[in-house]
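Heads up: the structure comes next, in structure tokens.
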Amino acid sequence: MRWTVLSGGAALLAVAGLLSACASGAGVTASNRVAMEPTSFKEIPGWSDDKHAEALAAFRHSCPRLEVSADTRIPTGSGERVVTAAEWRQICARAAKVRSGDERGARHFFEESFRPLVVQAPAKFTGYFEPELRGSRAPSRLFTVPVYRRPADLGDKPYYTRAEIEQGALKGKGLEIVWVQDPVALYEAQVQGSARVHLAEGGALSLGFDGSNNRPYTAIGGVLADMGIMKREDATWPAIRDWLKRHPQQGRDVMRKNERYIFFKDTRSAAPTGSEGVPLTAQRSLAVDTAFTPYGTPVWIETVRPVAGKPGATESYRRLMVVQDSGTAIKGPARGDVFFGSSARAAEWAGRMVSGGRAIVLVPYKG
């Protein structure tokens with residue numbers, strides 16, 4: 001689950017997302033009403049060139065949830081489209097008939113099963129990824145930084161601050177899941193909401209979001225800018241990470257300016273899992289504000305992505321995504337947070353991406 005607007009890294013200054021909440025929302029209200037304009041797939045630039053089989057594979061991950069969900073309510077501008085579990089079962093049954101890797105069949109499935117609506121609001125896209133850490137199930141001189149599970153006494157009220165927790169407020173309560181080596185890497189994992197820990201004992205541990213301390217989130221990119229350490233436009237996550245590692249003592253104090261602290265759980269999964277409860281697919285899963293677009297909904301995005309290894313350079317980025325994640329600070333009808341995966345390149349894309357563009361929601365067709 002994405003817990004912060006700080007999607008990936010560029011969001012350290014802004015924040016990230018495209019749609020939030022749960023598939024069975026309360027329906028269209030004044031707060032989530034947004035203008036949407038019908039279009040056709042032929043009028044979507046780049047549609048015919050996308051790899052629709054990849055998007056279909058990601059969509060299938062959502063099907064088990066959609067097929068047993070309460071009614072899905074999708075705002076359509078003039079009202080809402082209510083999709084029942086029975087309708088989703090029919091759609092997913094058609095999806096299951098398309099052979100894996102069949103690009104033509106996958107494209108035909110989306111064109112026959114959905115109708116595109118252009119969101120009439122300025123879009124903003126950022127990215128996130130799954131950090132990889134080194135750790136151990138037991139503390140040592142090398143692995144000194146504890147990763148905590150959700151405390152039993154955590155309620156809805158503000159809990160210990162980040163500084164208090166790091167100074168030992170939870171020590172001795174048996175909440176440690178694992179110990180890691182790098183406090184900056186753990187902070188990064190908390191920003192992303194998930195991580196994979198490669199264990200010294202062998203194997204790996206998959207960490208997933210399991211709540212926060214209910215404290216306010218502060219973007220440390222803004223903190224560094226206010227301190228005069230770097231310009232706001234230069235405060236991407238790669239730049240921030242580099243500064244934190246070069247200034248460990250001062251960096252600790254800067255990170256503690258963000259009082260929010262994230263608790264994790266062992267998801268026992270081979271793949272990162274979004275807040276929909278399904279595995280995330282690199283460059284096909286999208287975190288959004290589900291008050292506007294619910295889980296499982298395909299969304300076409302038109303934006304630009306940073307070029308890996310070329311700071312400041314961007315390239316066209318147009319593709320079909322599936323809503324499979326959300327976050328408490330991801331708000332708005334045209335805010336999207338792209339899951340880029342877990343590689344070093346994914347980290348660079350996520351850390352530098354903050355782009356405008358256009359979002360097109362695919363609404364199930366009811367003939």
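Among the trypsin sites (Lys or Arg not before Pro) in region 56-147, those placed in a DSSP loop whose Cβ has at most 13 other Cβ atoms within 10 Å are Lys97, Arg99, Arg141. For Lys42, a cut-off of 17 angstrom between C-alpha atoms picks up these aspartates and glutamates, skipping any fewer than 8 places away in its own chain: Asp50, Glu103, Glu111, Glu112, Glu302. Take the Cβ atoms of Glu43 and Glu315, set R0 to 22 Å, and the FRET efficiency comes out at 0.45. Paramagnetic label reach from Glu164 (point 7 Å along Cα→Cβ; backbone nitrogen cut-off under 16 Å): within region 238-278, residues 256-263. Highest average first, the peptides 167-179, 287-299 ordered by how many other beta carbon atoms sit within 10 Å of their residues are 287-299, 167-179. Largest first and in whole Å, the equivalent-ellipsoid semi-axes of region 130-266 read 24, 18, 13, each the square root of five times a Cα gyration tensor eigenvalue. Our estimate of slack between Arg89 and Glu201, defined as 0.36 nm per intervening residue step minus the Cα-Cα distance, is 36.0 nm. Using the empirical formula 2.2 N^0.38 Å as the baseline, the Cα radius of gyration of the chain reaches a ratio of 0.99. Per-residue packing, averaged as other Cβ atoms within 10 Å, sorts the ranges 300-308, 312-320 into the order 300-308, 312-320, beginning with the highest. Against the empirical 2.2 N^0.38 Å (N residues), region 245-351 has a Cα radius of gyration ratio of 1.23.
With an 8 Å Cα cut-off and a minimum separation of 6 or more residues, compute the relative contact order for region 130-266 in percent. So the answer I get is 34 percent. Extent along the principal axes, Cα only, for region 38-96: 34, 31, 14 Å, with the longest axis given first. Sequence-ordered 3J(HN,Hα) estimates for region 343-356 from the Karplus curve with 6.51, -1.76 and 1.60 and θ = phi - 60° stand at 8, 4, 5, 4, 5, 5, 4, 5, x, 10, 7, 7, 9, x Hz, glycine and proline given as x. For region 130-266, the number of Lys pairs separated by eight or more positions or lying on different chains, with C-alpha atoms closer than 28 Å, is 14. When only Cα pairs under 8 Å and 6 or more residues apart are kept, what is the percent relative contact order across the chain? Averaging sequence separation for qualifying contacts and normalising by length gives 32 percent for the chain.
Each value in this text was obtained by applying a stated rule to the coordinates, not by laboratory testing. Just so it is clear, the structure is predicted and the values come from calculations on it, not from any experiment. Cβ: placed from backbone, ideal geometry, glycine included. Neighbour counts: every protein chain shown.
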